[in-house]
Structure formats: structure tokens, C-alpha cells
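S.K.: Dropping a structure here in C-alpha cells format, bear with me for questions.
The values are calculated or read from the model by the stated rules, or taken from the named source; none is laboratory data. Not measured: the values here are computed from a predicted model. Quick reminder, even Gly has a Cβ in these numbers, built from the backbone with ideal geometry, and neighbours come from all protein chains shown.
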Amino acid sequence: MAAAGQGGRSGGGGGSSGAGGGSSCGTGSGRSGLLDKWKIDDKPVKIDKWDGSAVKNSLDDSAKKVLLEKYKYVENFGLIDGRLTICTISCFFAIVALIWDYMHPFPESKPVLALCVISYPLFILSMFVCFPLNLIRTYFVMMGILTIYTSYKEKSIFLVAHRKDPTGMDPDDIWQLSSSLKRFDDKYTLKLTFISGRTKQQREAEFTRSIAKFFDHSGTLVMDAYEPEISRLHDSLATERKIK
Amino acid sequence: MLSLDFLDDVRRMNKRQLYYQVLNFGMIVSSALMIWKGLMVVTGSESPIVVVLSGSMEPAFHRGDLLFLTNRVEDPIRVGEIVVFRIEGREIPIVHRVLKIHEKQNGHIKFLTKGDNNAVDDRGLYKQGQHWLEKKDVVGRARGFVPYIGIVTILMNDYPKFKYAVLFLLGLFVLVHRE
């Protein structure tokens, strides 16, 4: 009786009562204990409410979490992996340029040919004697490609997830989330796009709300206010599908 | 255990996001490196931006001024120009003015330098037995300058701990902060 009363009284201290329960029942797990202490997936998200990019990131992450956990969609990493690969290749170019310049006095012909074959899968360029100039030009071209890639193809999409069709016959439906929050502005726009696997037609729904609706005065994201919005967005697209 | 709030963002990241943070850091370093290498290629000099370390060129340049150099083959060195050169065996480049030139028919040059604020020419600074400088000692010729900004570089060289602290904090900031 006393324990239940105490649990009911500490409404704001939800985290502390959870930790108390965890320590009492988690006796055997010593090795994974450190990893559990590091990962804080269940802790409520608290950010600096005046930092625009932190606000946007936390809203994006929570929307992603809702879609993936509540509706059990599977995240498709293709877009993100593409961006990571281009970045990695650019860094690789820079490292090669650094090492090459360090070794510049040495004979140059063989390394030049080897580098040609390895480092230009994306372009069909040939290297000439003025190797350093070409490498640097290539680096800036890659940076240009990355900028174009992020601004046009991605369209600030931060989640691509698909729902496996239960019958297993039709191709998967794709859900895309994209968002925008202007600098020093408080209006956050979240857009959910549904691409049907079968008919390949695209439907979208979005909402624009002030971020003050989702955060409390200390900067904690209140999932109770945010999650219904996401669900409503999702259901509006899902029910249209059923009707048609 | 310390609860550092600023690490909360990092703890919530999955593997891809962590890798992206590291890549972000790498991209910034690479961009700086590429800009420096690009400048080296464009100007033809191995050190296109130098800081004046001593007061030997006053009142033209003071300690802490930033100098922009070029070292193109087609620009000949003439008397009265300010050159940055390196003496064999020493690694610190010196910024002085050209005083005398001996030039051969084939374009080979020997020249003597002197700092504006010095009483004597630089023969005392040259290597033992060396009386003239040659083209190969030149790092570049001064083309433009920005006053006072180089003092930060001088401070960072005099107090290396300060430099490492600044770099460490910057790196940490980039790694933890998302975009």
C-alpha cells in the first residue's frame, strides 16, 4: 500500500521510480549494465529550447521513433548510406592528397596509375602529370555533388521506412518523413509522404505547429502532445488508402 | 557517475548517426586541408601565408602581421621587393627586403637581403661561408598583408598547451553538436 502510494505521488519523478524498479530486478546483467547506462532511449528528451537545430533534431528523432516503434515499419538506410559514402570518399581523397604531397619528391608514375583506378569510380577522368591540381579539383567537385545531393534529392527527408506487405506478394509501401524549421522561427512543419507499393501513386499530409506546443518550459519534449499529431497524420493517409 | 547533459544527444544516436558525426569532423578537417593545399598550388609557394615574427621590417611590417605570398616562376625578383626566404639548415623563414642582385644571362640570380629596421645586411644570418641567396631559398614574395591577426598564431606557438586546448575543445564541439 505504501509503495503504491509513493509511486502515485511521484508523478514527475517517473524516471526515478523506473530506476528503482530496474535496480531491484536487474541482478544478473553486469556486462550489459554499462551499455544500458550509456544508452538512454527511455529517458525523456531534454534539450536547450533556444537552440533551433537541437529542437528540430529532437522533433525529427521522436517522429521517427513513433513511426518505427508504434507502427513497426522497417527503416530503409539507402538514402543515408549514400550520403555517408560520398562523405567518406571525399575524406579519402583528402587523406590521399595529404600523403601524396608528403611523398611528392619520389617517382610519381606508378602511384598515379594505381590511384586512377581506385579513386575515380564515380567519374571517368584521367590523370595527367600535374597530379596535385587534379586531386584538389576533384575534391571540390565532390563537395559540389554532395551539396546538390543534399539539397535536391533528399529534400530534407530524414526517414524512409517501408511496411512489409502482409501477403508477401505486392512490393512494399514506402513512408517518408521530411521536416523543416526556419532559423529563429518557431513554426515546425512535418510532412509525411506515402508511396503505395502497388499503384506507385504518392500521397502526402503535413502539419505546421509552433514548437511551443510540444516542449515544456524546461526544454523537455512532451511525447503526450507530440505523438497524437504524428498518429493523426499517419492515420489520415492510411485511411485514404483503405477507402480507395 | 557524472551526468553530463551535453552528452545526452550523443547517447541517443545510433551507429549511423555516430559515424556521421565523426565524418562531419573529418570533412571539416579535410576542407581546411584542401583549401590550404589549393592555395599552395595556386600561389606556387610551399607556405602561402606566413606570420611576421620579429620587428626587423618596421615600420612596414610589425610583429604579428599576416603576409600573403606568391612564388611564380615567371615573376623575377627585383631590388626593393620583400621576399620570404629560408636559410639552409634553419626552418624558420625570414621576411626581409632585397638589397643587391647579381644576374647572369641565363637568368640565374644571386641576391643579398637586409631588414628595414636592421643596421647591417643579412650576411651575418646566412650559413657559414654563404654570401648570397639564390632562387631556391625563396619561399615567396610578399603580395599583401593583414595587420595584427597573426598574433593568435604567435600566441599558439609560444603556449602550445593553449593551442592543444583550443583544438581539443573545437573538436569536441564538432563531434557532439549535431549539424
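S.K.: Being over 30 Å from B:Tyr19 (Cα atoms), part of a helix (DSSP H, G or I) and not assigned by the TED database to the domain that holds B:Leu67 is the requirement here; does B:Leu155 meet it?
M.R.: When the stated conditions are applied, B:Leu155 passes them.
S.K.: Given the criteria facing another protein chain (nearest Cβ under 9 Å) and surrounded by 19 or more Cβ atoms within 10 Å (Cβ to Cβ), does B:Met40 qualify? Give the derivation first.
M.R.: Numbers: facing another protein chain (nearest Cβ under 9 Å): yes; surrounded by 19 or more Cβ atoms within 10 Å (Cβ to Cβ): no.
Taking the combined requirement at face value, the residue does not satisfy it.
S.K.: Condition first: among the aromatic types (Phe, Trp, Tyr), touching a residue at least 12 places away in the same chain (Cβ under 8 Å), closer than 16 Å to A:Lys49 by Cα and in a strand (DSSP E or B). Can you find one or more residues in segment A:187-198 that meet it?
M.R.: The first filter runs over segment A:187-198 and keeps only residues among the aromatic types (Phe, Trp, Tyr), leaving A:188, A:194.
Subsequent filtering for residues that are touching a residue at least 12 places away in the same chain (Cβ under 8 Å) retains A:188, A:194.
Adding the requirement that they be closer than 16 Å to A:Lys49 by Cα leaves A:188.
If we keep only those that are in a strand (DSSP E or B) too, we end up with A:188.
Checked against the condition, which is being among the aromatic types (Phe, Trp, Tyr), touching a residue at least 12 places away in the same chain (Cβ under 8 Å), closer than 16 Å to A:Lys49 by Cα and in a strand (DSSP E or B), segment A:187-198 yields at least one hit.
S.K.: Out of the residues in segment A:72-84 meeting the condition of being more than 10 Å from chain B (Cβ to nearest Cβ) and assigned to a helix (DSSP H, G or I), tell me which one is modelled with the highest pLDDT.
M.R.: The qualifying residue modelled with the highest pLDDT is A:Gly78.
S.K.: Still on this structure, please answer the following. For segment B:28-42, indicate whether the set of residues that are among the polar types (S, T, N, Q) and assigned to a loop (DSSP other than H, G, I, E, B) is non-empty. Full working, then the answer.
M.R.: Within segment B:28-42, the first condition is being among the polar types (S, T, N, Q), and the residues that meet it are B:30-31.
So of that shortlist, the ones also assigned to a loop (DSSP other than H, G, I, E, B) come out as none.
Looking through segment B:28-42, none of the residues is among the polar types (S, T, N, Q) and assigned to a loop (DSSP other than H, G, I, E, B).
S.K.: Under the condition of being free of Cβ contacts under 8 Å to residues at least 24 places away in the same chain and outside any helix (DSSP H, G or I), which residue from segment A:42-71 is farthest from the other protein chains (Cβ to nearest Cβ)?
M.R.: Ranking the candidates gives A:Trp50 first.
S.K.: Here is a follow-up. So in segment B:129-176, with the set limited to residues that are within 14 Å of chain A (Cβ to nearest Cβ) and touching a residue at least 60 places away in the same chain (Cβ under 8 Å), which one is farthest from B:Leu7 (Cα to Cα)?
M.R.: B:Val174
Okay, residues lined up against (1) of a type outside the set (Phe, Trp, Tyr); (2) facing chain A (nearest Cβ under 10 Å):
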{"residue": "B:Leu23", "(1), (2)": "yes, yes"}
{"residue": "B:Gly26", "(1), (2)": "yes, yes"}
{"residue": "B:Glu58", "(1), (2)": "yes, no"}
{"residue": "B:Phe61", "(1), (2)": "no, no"}
{"residue": "B:Glu81", "(1), (2)": "yes, no"}
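S.K.: Here is a follow-up. Within segment A:199-244, track down each residue that is more than 22 Å from the chain's Cα centre (by Cα), assigned to a helix (DSSP H, G or I) and among the polar types (S, T, N, Q).
M.R.: A:Ser236, A:Thr239
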